[in-house]
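Participant: To start, I am sharing the structure in question, which I have written as structure tokens.
The values are calculated or read from the model by the stated rules, or taken from the named source; none is laboratory data. The structure displayed is predicted, hence computed values, not measured ones. Note that each Cβ is placed from the backbone with ideal geometry, even for glycine, and that neighbours are counted across all protein chains shown. The area values use the complete protein model at the heavy-atom level, side chains included, leaving out ligands, DNA and RNA. Shrake-Rupley method; radii C 1.70, N 1.55, O 1.52, S 1.80 Å.
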Amino acid sequence: MKIGLDIMGGDYAPKANVLGALAAHQILSPGEQLVLIGDTQQIKPFLCEKGFNPDHFEYVHTEEVIGMGDHPTKSIAQKPNSSISVGFDLLKNGKIDAFASAGNSGAMLVGAVLSVKTCPNILRPCITSIVPKLDGGIGIMLDVGANADCKPDFLLQFGILGSLYTETVMHIKNPKVALMNLGEEDKKGNALSMAAFSLMKANKQINFVGNVEGRDLFNDKADVIVCDGFTGNIMLKLAESFYILTIKKGFKDEFFDRFNYENYGGSPVLGVNAPVIIGHGISSPLAVKNMVIQARDMITTGLVGKIQAAFK
């Protein structure tokens, strides 16, 4: 198994990514290899500083970087020697089994679709995020930003993808799938949510439990919460702010500590033909480590194969 890690992506690159790779190496089993993609002249001094044997990693040297402000589609074509572009080329050609980056999220999404492609019969890939639950468990919400405008069929497929992810990677048996709406009643919502509700209710691939409201995000009504990317991204950013607010107010609480993005690594891109993880732009070494472990778990559980089989 080989996991590709973009060393040049993120606000604190390359140091945070290298330190995260070192932490992940301590957890990975023999045969689980990290491939560091980026400027090797910037990578190796950090390894020497920590007294780490550089032979534990593989390296692919690159000389370009796709910045956070670069246009996602244009940058993939205009910077073929960037760490993101090279990472996806390696993934496409089977030289790595998963690719993770805290770099430009739009470029990561575009790169995934252009390189390894969307799985057959999936209309749109989506991005998911972990949601902490009051009872101590976790759930997921999707989409959280890849598809601002959706059709009812998209939301149905997000529900199937989310159900497969929670059952396969998170080991939640028969996960409860719900549709985010402005009311619990069957006939509530706009045209999109009402049409999606009918499709999800009729589909036997998911354990659909109906509509939920924003106040249900952190309770146990659903393990998988489905919404369009516009709604999901707003809810995600609001939820992320809770942890920052508790720190600023000097308020210590175990539940709100679980809103720290570092605990979960990154956001998987579901619906493409290989494991791809998008990290937060401000990823710390802890977040990078967890992003690598998340990629490892997607490989070992055979998630992509199960998604391909479900949509065949």
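Participant: Taking the mean number of other Cβ atoms within 10 Å as a proxy for protection, how do you rank 131-137, 153-159 from highest to lowest? Walk me through the numbers before you get to the answer.
Facilitator: Working: 131-137: 14.6, 153-159: 24.7.
The most tightly packed comes first, giving 153-159, 131-137.
Participant: Continuing with the same structure: From the square roots a ≥ b ≥ c of the eigenvalues of the alpha-carbon gyration tensor of the stretch 155-307, which class results: rounded (a/c under 1.5), prolate (a/b over b/c), or oblate? Could the numbers behind the result be given before it?
Facilitator: On the way: a/c = 2.08, a/b = 1.21, b/c = 1.72.
Oblate shape, in that a/c is at least 1.5 and b/c is the bigger or equal ratio.
Participant: Extending each Cα 7 Å along its Cβ direction at ILE247 and LYS15, get the distance between those two points in nm, one decimal.
Facilitator: Simple spin-label model gives 1.6 nm for this pair.
Participant: Can you give the FRET efficiency for GLU58 and HIS171, using 1/(1 + (r/R0)^6), R0 = 41 Å, r = Cβ-Cβ distance, to the nearest 0.05? Spell out each step's value before the answer.
Facilitator: On the way: r = 30 Å, r/R0 = 0.74.
E(calc), rounded to 0.05, equals 0.85.
Participant: Tell me which residues come under 5 Å, amide H to amide H, from GLY139 once H is placed; ignore anything under 5 positions away on its chain.
Facilitator: Result for GLY139 returns VAL131, LYS133.
Participant: Give me the one-decimal nm value for the distance between modelled label points at THR73 and LYS312, 7 Å along each residue's Cα-to-Cβ direction.
Facilitator: Taking the two extended label points, one gets 3.3 nm.
Participant: Excluding ligands, DNA and RNA, what is the solvent-accessible area per residue of the chain at a probe of 1.4 Å, expressed in Å²?
Facilitator: 44 Å²
Participant: Packing-wise, with mean Cβ within 10 Å as the measure, how do 181-191, 100-110 rank, highest first? Don't jump to the answer; show the numbers that get you there.
Facilitator: Details: 181-191: 13.2, 100-110: 27.1.
Result, highest mean first: 100-110, 181-191.
Participant: Relative contact order (percent) for the stretch 174-256, with alpha-carbon contacts under 8 angstrom and 6 or more residues of separation?
Facilitator: On the way: 91 pairs, mean separation 28.6, N = 83.
The normalised contact order for the stretch 174-256 reaches 35 percent.
Participant: Can you list the equivalent-ellipsoid semi-axes of the chain, largest first and in whole Å, using the square root of 5 times each Cα gyration tensor eigenvalue? Can you show the working numbers first?
Facilitator: Numbers: eigenvalues 214, 94, 61 Å².
One finds semi-axes of 33, 22, 17 Å for the chain.
Participant: May I pose another question? Return the FRET efficiency for the residue pair ASP257, GLU184: r is the Cβ-Cβ distance, R0 is 41 Å, and the value is rounded to the nearest 0.05. Please list the in-between numbers first.
Facilitator: Details: r = 30 Å, r/R0 = 0.72.
Result of the calculation: an efficiency of 0.90.
Participant: Evaluate the stretch 1-105: find the radius of gyration of its Cα atoms, find its Kirkwood radius, and give the ratio Rg to Rh.
Facilitator: Details: Rg = 13.1 Å, Rh = 13.7 Å.
Ratio value, two decimals: 0.96.
Participant: Please list, or write none, the lysines whose alpha carbon is within less than 23 Å of the alpha carbon of LYS252, excluding same-chain residues fewer than 8 places away.
Facilitator: Of all the lysines, those that pass the test against LYS252 - Cα under 23 Å, at least 8 places apart if same chain - are LYS133, LYS237.
Participant: Return the lysines within reach of LYS95: Cα separation strictly under 29 angstrom, same-chain partners fewer than 8 residues apart disregarded; answer none if there are no such residues.
Facilitator: Within the straight-line limit of under 29 Å, LYS95 reaches these lysines: LYS2, LYS15, LYS44, LYS50, LYS74, LYS79, LYS117, LYS289, LYS306, LYS312.
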